[in-house]
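Each remark here refers to the structure printed beneath this line.
The values are calculated or read from the model by the stated rules, or taken from the named source; none is laboratory data. Only a predicted model underlies this, so the values are computations on that prediction, with no experimental measurement involved. Cβ placement follows ideal geometry from the backbone for every residue including glycine, while neighbour counts extend to all protein chains displayed.
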Amino acid sequence: MTALLEVSGLTAGYDGVPVLHGIDLRLPAGTICAVLGANGAGKTTLLRTLSGLVRPSAGRIVYDGAELRDVSVPHLVRRGLAHVPEGRGVIAELTVEENLRLGGLWRRDRREIRRGMAEVYELFEPLALRRKHLGHQLSGGEAQMLALGRALVARPRLLLLDEPSLGLAPRIIAQIMGLLRRLRDDTGLTVLLVEQNVRSALSIADEGVVMSLGRVVAVAEADRLAGDAALRHAYLGF
Amino acid sequence: MDRFLFLTVDGLSRGAVYAAFALALVLIWRGTRIVNFAQGVMAVATSYAAYSVTGATGSYWAGFFVALLAGLVLGAVVERVVMRHVEQAPPLNAVIVALGLVLVFQGGLGMIYGSQYLPLPTPYSRVAMTVGGVPLLSRYDLFVFGTVLALMLSLALLFTRTATGLRMRAAAFEPQVARLLGVNVGGMLTLGWALAALVGALAGMLVIPTGLGLHPTAMDLVFVSAFTAAVVGGLDSPLGAVVGGLVVGLVLSYVGGYLGSGTTPLAVLALLVVVLLARPGGLFSAAQARRV
């Protein structure tokens, strides 16, 4: 299968202190890859490096056949890469509608933005009922729907999703995971999913990557990873 | 009663200018959490540009629009060249840099134009028109009200009805999230500074002709009043800046009118202290938004 994202020898960190040490990763188009690992493994830094928020000190990132070097974050967004950060990143001072509009603004085509927003309202009915509510008036689940919906308004090809289940009820987590699977199957969306909730992530992922202390320690099909008791016990804590 | 009416109208007219200037401070505060102490002297610099152009062309309006354009450019340059380097630094750095800019601008303008007060004309008469035997508004007061009202409406439309306004708000509230959504955050901050400096330039052009005239320190007292207005309204609130400006204008007018003009600086200070003690966030401060 053609790779949408290929990462090789990626090293990155903060203030000269490396957090990622030579990461290799291959993400075929139309698949979900779960990135797993304990706190401090470097999962969030990996997503921040891929979306351009952290500049790598070494290694290559090839996205859709082109190497990303000194590419600005807004340019990456235009090329179909969306990043939903940890903590959801809903702008508390803007309304639901404004948050969603923001997701598609780079398109400049108003009709396209409106169509994208209508699709999101269809996917997440609670948001349609709270269009004029401010971001800080939403529940945790609604805020996660908004963050995800805002990313989808941009119609991304690659979605980087950081801890979408954090602080949510099991029922909402199941809904979100089900939606990701549906989007992959129906639209060919490619997802790189960072999750602490290993069981949920592996239940929808095609492949799993286990990270520890800034390194990839295991890559395997999700089913195999879920069944590997030794690996689970060593790195995933269950 | 006639005097009260006169002082009220005079206070509202002055307050409208303070409101505009306070709005300039709020625009920058919301975007960068910096109080631009150089806002006053930047407005003076643009008024000097107007003075030169009006002197050369004989047209008030040529000078007026050059001042606004100069404000736009000056705000963008100051942000790009100077303030960008301290936007992420501790707050004191920005304060010191802004105060440094005040000294540089005041010194430079003094060297170019001298330290005497220069006359800046008004486009309309400042003689109050009489209504029912009471001298109330001058044509210039009406011009000030109309201009400030148009400014407020334009800014409100920009921020609530346009994509650029939405980008600017997103960049101000959550710069990192805005970047992840494709917003050019640096560009929006520059635009915010440019707009604020334009608003400041407009306030300068409206208020300087009503004082002693053009001088490198001509906006110092106006800055204090406008800063008070912004704090009274709540530094985060554009509506608060407008209301705060009108409140400060009225207080100064009443105190000056009934107790003598020498007491007005004390009145500003007293107002500032009372508001900071009673409601430190300002009259229009919103409750701290919950992070989601």
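If you go through region A:221-238 and keep only what is modelled with pLDDT under 80 and not basic (Lys, Arg), you end up with A:Asp228, A:Ala229, A:Ala230, A:Leu231, A:His233, A:Ala234, A:Tyr235, A:Leu236, A:Gly237, A:Phe238.
Per-residue answers, yes or no, for (1) among the aliphatic types (A, V, I, L, M); (2) away from chain A (no Cβ under 14 Å); (3) under 18 Å from the mean Cα position of the chain (by Cα):
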site: B:Pro123; (1), (2), (3): no, yes, no
site: B:Leu137; (1), (2), (3): yes, yes, no
site: B:Val148; (1), (2), (3): yes, yes, yes
site: B:Leu153; (1), (2), (3): yes, yes, yes
site: B:Arg169; (1), (2), (3): no, no, no
site: B:Phe173; (1), (2), (3): no, no, no
site: B:Asn184; (1), (2), (3): no, no, no
site: B:Trp193; (1), (2), (3): no, yes, yes
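Mind listing just one residue for me: the one in region B:220-238 that is touching a helix residue (DSSP H, G or I) at 6+ places or on another chain (Cβ under 7 Å) and surrounded by fewer than 18 Cβ atoms within 10 Å (Cβ to Cβ) and, of those, nearest to B:Ala24 (Cα to Cα)? Among them, the one singled out is B:Val224.
If only one of A:Ala218, A:Ala201, A:Ala151, A:Ala143 is under 17 Å from A:Cys33 (Cβ atoms) and assigned by TED's automatic domain parsing to the domain that holds A:Val90, which one is it?
Values: A:Ala218 fails: assigned by TED's automatic domain parsing to the domain that holds A:Val90; A:Ala201 fails: assigned by TED's automatic domain parsing to the domain that holds A:Val90; A:Ala143 fails: under 17 Å from A:Cys33 (Cβ atoms).
Residue meeting the stated conditions: A:Ala151.
For B:Leu180, indicate whether it is within 14 Å of chain A (Cβ to nearest Cβ), over 26 Å from B:Ser47 (Cα atoms) and surrounded by 24 or more Cβ atoms within 10 Å (Cβ to Cβ).
Numbers: within 14 Å of chain A (Cβ to nearest Cβ): yes; over 26 Å from B:Ser47 (Cα atoms): yes; surrounded by 24 or more Cβ atoms within 10 Å (Cβ to Cβ): yes.
For B:Leu180, the condition - within 14 Å of chain A (Cβ to nearest Cβ), over 26 Å from B:Ser47 (Cα atoms) and surrounded by 24 or more Cβ atoms within 10 Å (Cβ to Cβ) - is met.
When A:Leu25, A:Leu47 are checked against the criterion of being assigned by TED's automatic domain parsing to the domain that holds A:Pro164, under 14 Å from the mean Cα position of the chain (by Cα) and not basic (Lys, Arg), a single residue qualifies: A:Leu47.
In this structure, is A:Val219 more than 15 Å from the chain's Cα centre (by Cα), among the β-branched types (Val, Ile, Thr) and crowded, with 23+ Cβ neighbours inside 10 Å? Working first, answer last.
Working: more than 15 Å from the chain's Cα centre (by Cα): yes; among the β-branched types (Val, Ile, Thr): yes; crowded, with 23+ Cβ neighbours inside 10 Å: no.
So A:Val219 fails the test.
Taking the condition in a loop (DSSP other than H, G, I, E, B), surrounded by 21 or more Cβ atoms within 10 Å (Cβ to Cβ) and assigned by TED's automatic domain parsing to the domain that holds A:Glu221, does A:Ala34 pass?
Details: in a loop (DSSP other than H, G, I, E, B): no; surrounded by 21 or more Cβ atoms within 10 Å (Cβ to Cβ): yes; assigned by TED's automatic domain parsing to the domain that holds A:Glu221: yes.
Criteria not met by A:Ala34.
Consider B:Leu246 carefully, then state whether it is hydrophobic (A, V, I, L, M, F, W, C) and within 15 Å of B:Val9 (Cα to Cα). For B:Leu246, the condition - hydrophobic (A, V, I, L, M, F, W, C) and within 15 Å of B:Val9 (Cα to Cα) - is met. Summed over region A:122-163, the residues that are away from chain B (no Cβ under 13 Å) and without any contact (Cβ under 8 Å) to a residue 24 or more places away in the chain give a count of 5. When A:Ser200 is tested against the conditions (1) surrounded by 16 or more Cβ atoms within 10 Å (Cβ to Cβ); (2) at pLDDT 90 or above; (3) away from every other protein chain (no Cβ under 13 Å), the lone failure is (2).
Being of a type in the set (Gly, Ala, Ser), within 22 Å of B:Val243 (Cα to Cα) and touching a Ser or Thr at 6+ places or on another chain (Cβ under 7 Å), is that true of even one residue in region B:7-14? Step through it out loud before you land on a result.
Quick first cut of region B:7-14, residues of a type in the set (Gly, Ala, Ser) only: B:11, B:13.
With within 22 Å of B:Val243 (Cα to Cα) added as a condition, the list becomes B:11, B:13.
Those still in the list that are touching a Ser or Thr at 6+ places or on another chain (Cβ under 7 Å) too: B:11.
Taking every residue of region B:7-14 in turn, at least one turns out to be of a type in the set (Gly, Ala, Ser), within 22 Å of B:Val243 (Cα to Cα) and touching a Ser or Thr at 6+ places or on another chain (Cβ under 7 Å).
Considering only residues that are within 26 Å of A:Arg79 (Cα to Cα) and either of a type outside the set (Val, Ile, Thr) or within 12 Å of chain B (Cβ to nearest Cβ) (or both), which ones fall in region A:164-177? Result: A:Pro164, A:Met177.
How about region B:18-44: which of its residues are surrounded by fewer than 24 Cβ atoms within 10 Å (Cβ to Cβ) and not in a loop (DSSP other than H, G, I, E, B)?
Residues of region B:18-44 that are surrounded by fewer than 24 Cβ atoms within 10 Å (Cβ to Cβ), as a first pass: B:29-30, B:32-35, B:37.
Correct list: B:Trp29, B:Arg30, B:Thr32.
So that you can scan it fast, the table gives a plain yes or no per residue for (1) buried (at least 21 other Cβ atoms within 10 Å of the Cβ); (2) closer than 14 Å to A:Val96 by Cβ:
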site: A:Gln137; (1), (2): no, yes
site: A:Val191; (1), (2): yes, no
site: A:Glu195; (1), (2): yes, no
site: A:Arg215; (1), (2): no, no
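Take the conditions (1) part of a loop (DSSP other than H, G, I, E, B); (2) on the phi > 0 side of the Ramachandran plot; (3) more than 10 Å from chain B (Cβ to nearest Cβ); A:Gly59 misses just one of them, which is (1).
Close Cβ contacts (under 6 Å, 6 or more residues apart or on different chains) running from residues in region A:182-200 that are free of Cβ contacts under 8 Å to residues at least 60 places away in the same chain to residues that are of a type in the set (A, V, I, L, M) comprise A:Leu183/A:Leu189; A:Ser200/A:Ile173; A:Ser200/A:Met177.
Put simply, of B:Leu68, B:Leu74, B:Leu27, B:Leu7 the only residue that is in contact with a helix residue (DSSP H, G or I) (Cβ under 6 Å, 6 or more places away or on another chain) and more than 21 Å from B:Thr190 (Cβ to Cβ) is B:Leu7. Can you spot a residue in region B:251-272 that is in a helix (DSSP H, G or I), under 14 Å from the mean Cα position of the chain (by Cα), modelled with pLDDT of 90 or more and buried (at least 16 other Cβ atoms within 10 Å of the Cβ)? No, every residue in region B:251-272 fails to be in a helix (DSSP H, G or I), under 14 Å from the mean Cα position of the chain (by Cα), modelled with pLDDT of 90 or more and buried (at least 16 other Cβ atoms within 10 Å of the Cβ). Which one is surrounded by the most Cβ atoms within 10 Å (Cβ to Cβ) among residues in region A:86-121 that are basic (Lys, Arg) and within 12 Å of another protein chain (Cβ to nearest Cβ)? Only one residue tops the list, namely A:Arg88.
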